[in-house]
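**Q** Let me give you the structure first, and then I'll get to my questions.
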Ligand code: COA
């Protein structure tokens, strides 16, 4: 059996935060942010909004796009670096919000690679015939776990959500997939406190340990390397060459990461989806939001071969090759 995407949706908070607003919060400039990252704006969720709220909106749109009802969903896989809480799973909260009463629900924690891990997992449940319709959601309210006093990180992130429905298809679909991890790099990008290693206490709050910490230079080098290797792996596994690929949709972290990896691949930048200028890095939501935007812009047509490629905390990385069904 083949698995493919039969519906897609995305949802972004209305509030736009331009770089000029960051100039008022930390010691930075619009020029520095644009030159080093390519980011111009990001969206910021309202104070009462959590990841499951954005995820539920994107999920409703994806289910509608698939011409299904929430009751038709057999399983929800939610990927988030900024989940509603440690438990219950954000997937369960989304399940309740959209009334997907027949769905099993669980979370995947693979940070910015979460959507690629989730999509790969969803495809297995479809290909074995176990389930008919699996919803994969990437949703983030990173603005609530961002340290707004740290200019190294606060310029990078934004809020948003994207979702897809994965079901059985006759042709094409999710053709090949490759996932990787290296836990020895765990400390390069982390949200250290609030778990059982550093439970919340006065010091963890005082020392701002409940916010994202990152070694930007090391993460940058890692990202360029695994972007290239993961892309090559899925193409080789599918017995194709990069010339056969119509569009690469990478995780939207930094334009310099994308440029460097694409140069190494000798792949034309015109066939790479980039929207990080508008939204910044939305972790697990970046790829589904970019994919939805590419569909709406007419950049993806039925039968096109596209690659989703991601990298992030863990460290984790992965890529999926899809022959587009919609
Ligand atoms: N505004 C102005 N200056 C800044 C700044 C900011 N927002 N952030 C850092 N700087 C300064 C640094 O303090 C440093 O100053 P110094 O030379 O006096 O020490 C200088 O700019 C260069 O810092 P550096 O960290 O080398 O910059 P960079 O070119 O590597 O860019 C990142 C920093 C964070 C943009 C870049 O490393 C990056 O994008 N890394 C990957 C991050 C990422 O994508 N993470 C998520 C992966 S899923």
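The values are calculated or read from the model by the stated rules, or taken from the named source; none is laboratory data. Keep in mind that this is a model prediction, so the values were computed, not measured. Using ideal geometry, Cβ is built from the backbone for each residue, glycine included, and neighbour counts are taken over all protein chains shown.
**Q** Determine whether segment 255-277 contains at least one residue that is within 16 Å of the ligand (Cβ to nearest atom), assigned to a helix (DSSP H, G or I) and at positive phi.
**A** no
**Q** Given the residues 115, 178, 125, which is the only one that is within 15 Å of the ligand (Cβ to nearest atom) and touching a strand residue (DSSP E or B) at 6+ places or on another chain (Cβ under 6 Å)?
**A** Numbers: 178 fails: within 15 Å of the ligand (Cβ to nearest atom); 125 fails: within 15 Å of the ligand (Cβ to nearest atom).
On inspection, the qualifying residue turns out to be 115.
**Q** If residue 285 passes every condition in (1) buried (at least 21 other Cβ atoms within 10 Å of the Cβ); (2) free of Cβ contacts under 8 Å to residues at least 60 places away in the same chain but one, which one does it miss?
**A** Answer for residue 285: the failing condition is (2).
**Q** Same structure again: Mind listing whichever residues of segment 1-31 are farther than 30 Å from residue 172 by Cα and touching a residue at least 24 places away in the same chain (Cβ under 8 Å)? Steps first, answer last, please.
**A** Kept after step one, since they are farther than 30 Å from residue 172 by Cα, are these residues of segment 1-31: 13-31.
Those that are farther than 30 Å from residue 172 by Cα and touching a residue at least 24 places away in the same chain (Cβ under 8 Å): 13, 14, 15, 16, 17, 19, 22, 25, 26, 27, 28.
**Q** In addition: So for segment 298-318 (the condition being within 22 Å of residue 164 (Cβ to Cβ), assigned to a helix (DSSP H, G or I) and away from the ligand (no atom under 14 Å from the Cβ)), does at least one residue qualify?
**A** No, there is no match, as no residue in segment 298-318 is within 22 Å of residue 164 (Cβ to Cβ), assigned to a helix (DSSP H, G or I) and away from the ligand (no atom under 14 Å from the Cβ).
**Q** Moving on to the next point. Is one or more of the residues making up segment 33-51 part of a helix (DSSP H, G or I), outside the structural domain of residue 274 (by TED's automatic domain parsing), more than 16 Å from the ligand (Cβ to nearest atom) and crowded, with 21+ Cβ neighbours inside 10 Å?
**A** yes
**Q** Further, regarding this structure: Being surrounded by fewer than 19 Cβ atoms within 10 Å (Cβ to Cβ) and either farther than 17 Å from residue 259 by Cα or assigned by TED's automatic domain parsing to the domain that holds residue 271 (or both) is true for just one of 205, 219. Which residue is that? I'd like the intermediate steps shown before the answer.
**A** Working: 219 fails: surrounded by fewer than 19 Cβ atoms within 10 Å (Cβ to Cβ).
Every option except 205 fails the conditions.
**Q** Scan segment 288-311 residue by residue and report those that are on the phi > 0 side of the Ramachandran plot and touching a residue at least 40 places away in the same chain (Cβ under 8 Å). Give the steps one after another, and end with the answer.
**A** First, the residues of segment 288-311 that are on the phi > 0 side of the Ramachandran plot: 298, 303.
Within segment 288-311, just 303 meets the criteria.
**Q** Just give me the residues in segment 55-87 being in contact with a strand residue (DSSP E or B) (Cβ under 8 Å, 6 or more places away or on another chain), surrounded by fewer than 21 Cβ atoms within 10 Å (Cβ to Cβ) and either in the same structural domain as residue 200 (by TED's automatic domain parsing) or assigned to a helix (DSSP H, G or I) (or both), in sequence order.
**A** Correct list: 60, 61, 64, 65, 72.
**Q** Name every residue in segment 234-259 that is crowded, with 17+ Cβ neighbours inside 10 Å and within 20 Å of the chain's Cα centre (by Cα), in order of residue number. Full working, then the answer.
**A** First, the residues of segment 234-259 that are crowded, with 17+ Cβ neighbours inside 10 Å: 234-235, 238, 245, 247-255, 257-258.
Passing the criteria: 234, 247, 248, 249, 250, 251, 252, 253, 254, 255, 257, 258.
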